[in-house]
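Q: Just dropping this structure here.
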Amino acid sequence: MAKKKIALITGVSGQDGSYLAHFLLQKNYKVIGSDRRSARNTQWRLDRLGIMDKLIYEELELGEIFEIQRLFKKYNFDEVYNLAAQSFVGSSFNSPLNTANITALGVLRFLECIRTISPKTKFYQASSSEMFGDVLEKIQNEKTPFNPQSPYAISKMFGHFATTNYRLSYNLFAVSGILFNHESPFRGEEFVTRKIIKGFINILKGKQKFIELGNIEAKRDWGYAKEYVEAMWKMLQNKSPKDYVISTGKTYSVKEFVNEVARYLNFKTKWIGKSSLNKKLIHTDTNKVLVKINKKFFRPAEVNFLKGDFSKARKELNWKPKTDFKKLVKIMVDEELKYSN
């Protein structure tokens, strides 16, 4: 009988971590999942997938290299998926030092442990389309220059280049997946897609009067997180280590996301107001305001447009997205309705 592969997933209780853990367990991996100590109460995703008792759980602070070394000495990892990060872009402006320490230097600590303790371990780094920032090319691929607009994106860029550098310098199997926005019912409530869906359902139930949003004209390439974790795994099964853009190649604005959620929940709506700050979405039957714009939700430096070219992943990994924008909204709204109180 073949030996079970052992994988470490950092940030295992997050959206991507929980989907990836579920995916690897189905592939008969032994899965070690780690989170920072303060993430103890955020394991609802693992519970919902029914896998909490199927993985080995280890607390891990990415700021402490001794803790990472301890895990490498305890387990003989075949694969490491570094999904842990201070991952909310807005928060990175409020805590740039913490963001850099975890999201940037955390990657370097891992690479150092692999180099010195376990050089055969394959390493996946979760890079981000936010690194493209204020885009320098209309459609972004693996060769598009980065132009980051937040401490989060700058930190992700450091991790991305550190991964490349260790691959080239020490012949490690270390890759980065440049994932564009990927959503699911497991998205954190602070992210705009889940905030919009939760807000509309609360309005429907009379628990909330309106939703406040920032830049509704920002356009994103939105895919389904459950499908994106398979691409991560495929990158580590490749013959040679390479980086890939994972995206849908289609772009929709936050405003279009709002419209689709409202339509699916049978709200009759229209936008009023000319300037971007004065725009409001009103319920045409009641004339009540459903969405307002609040300046506090604008970022200090905005990323207005992202659209990924996943042709390299399609060709070399045989990966492509299966869930379109409308279906993604439907999946998210249906599950929110099912589990909302």
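Quick note: the coordinates plus some simple rules give every number you see, no bench work behind them. Just so you know, these numbers come straight off a predicted model, no measurement behind them. In this analysis, Cβ positions are derived from the backbone assuming ideal geometry, glycine residues included, and neighbour counts consider all displayed protein chains.
Q: Pairing the Cα long axis of helix 325-339 with the longest principal axis of the chain, what angle in degrees results, from 0 to 90 and rounded to the nearest 10?
A: Compared with the principal axis, the helix lies near 90 degrees.
Q: Separation between the E189 and L136 pseudo-spin-labels, each 7 Å from Cα along Cα→Cβ, expressed in nm?
A: According to this spin-label approximation, the distance is 4.0 nm.
Q: If you find the alpha carbon centre of the range 203-244 and of the range 17-59, how far apart are they in angstrom?
A: Centre-to-centre distance over Cα atoms comes out at 19 Å.
Q: Give the peptides 23-30, 309-316 in descending order of average Cβ contacts within 10 Å, highest first.
A: Highest mean packing first, the order is 309-316, 23-30.
Q: Here is a follow-up. Compare the peptides 60-67, 12-19 by average per-residue count of other Cβ atoms within 10 angstrom and give them in order, highest first.
A: Output ranking for 60-67, 12-19: 12-19, 60-67.
Q: At a Förster radius of 35 Å, what calculated FRET efficiency corresponds to the Cβ-Cβ distance of T42 and R263, to the nearest 0.05?
A: 0.65
Q: Still on this model: What is the Å³ per residue value for the convex hull set by the Cα atoms of the range 216-337?
A: 130 Å³
Q: Starting from the Cα of E335, step 7 Å along the direction of its Cβ; do the same at N278; then give the gap between the two resulting points in nm.
A: In this crude label model, E335 to N278 measures out at 4.0 nm.
Q: Please compare each pair in K5/K54; K280/K338; K307/K330; K138/K219; K219/K326 to a cut-off of 24 Å on the Cα-Cα distance and tell me which ones are over it.
A: Result: K280/K338 exceed 24 Å.
Q: Here's another thing I want to ask about it. At R0 = 51 Å, how high is the FRET efficiency between T116 and F297 if r is their beta carbon distance? Nearest 0.05 is fine.
A: In this case the efficiency is close to 0.70.
Q: Another question, then. Quick one: angle between helix 192-204 and the longest Cα principal axis of the chain, in degrees between 0 and 90, rounded to 10, please.
A: With both axes taken from Cα atoms, the answer is about 40 degrees.
Q: How long are the semi-axes of the equivalent ellipsoid of the chain, taking √(5λ) for every eigenvalue λ of the Cα gyration tensor, in whole Å from largest down?
A: The answer is 35, 22, 19 Å, longest axis first.
Q: Convert 20 °C to kelvin, take the viscosity as 1.002 mPa s, use the Kirkwood radius over C-alpha pairs of the range 129-203 as Rh, and evaluate the Stokes-Einstein diffusion coefficient in µm²/s, rounded to a whole number.
A: For the chosen part, D equals 147 µm²/s.
Q: May I ask you to evaluate 6.51 cos²θ - 1.76 cosθ + 1.60, the Karplus curve with θ = phi - 60°, for each residue of the range 13-22 and list the ³J(HN,Hα) values in order in whole Hz, giving x for glycine and proline?
A: Residue by residue, the range 13-22 yields 8, x, 4, 5, x, 5, 5, 5, 4, 4 Hz.
Q: Hey, what did the chain get for relative contact order, percent, Cα under 8 Å, at least 6 apart?
A: Worked out over the chain, it gives 16 percent.
Q: A further question follows. Which net charge results for the neighbourhood of A262, defined as the other residues with beta-carbon distances under 11 angstrom from its beta-carbon, given Lys and Arg at +1 and Asp and Glu at -1?
A: +2
Q: If you average 1/r across every pair of different Cα atoms in the range 46-177 and take the reciprocal, what Kirkwood value do you get, in Å?
A: 15.7 Å
Q: How much of the DSSP bridge set in the chain is antiparallel, in percent, rounded to the nearest 5?
A: 20 percent
Q: Now, a different point. Obtain the nm distance between the two label points defined at K4 and T286 by a simple spin-label model: each point lies 7 Å from its Cα along the Cα-to-C-beta direction.
A: 5.2 nm
Q: Restrict the search to the range 242-273; then list the trypsin sites (Lys or Arg not before Pro) that DSSP places in a loop and that have at most 12 other Cβ atoms within 10 Å of their Cβ.
A: Answer by residue number: K268.
Q: If packing is taken as the average count of other Cβ atoms within 10 Å, what order do 147-154, 333-340, 180-187, 198-205 fall into, highest mean first?
A: 180-187, 147-154, 198-205, 333-340
Q: I need to check one value: relative contact order of the range 1-157, counting alpha carbon pairs closer than 8 Å and at least 6 residues apart, in percent.
A: Taking the mean separation of contacting Cα pairs over the length of the range 1-157, I get 22 percent.
Q: I would also like to ask the following. Run the numbers for N202 and K270: contour at 0.36 nm per residue of separation, minus the present Cα-Cα distance, in nm.
A: Going from the current span to full extension adds 22.6 nm.
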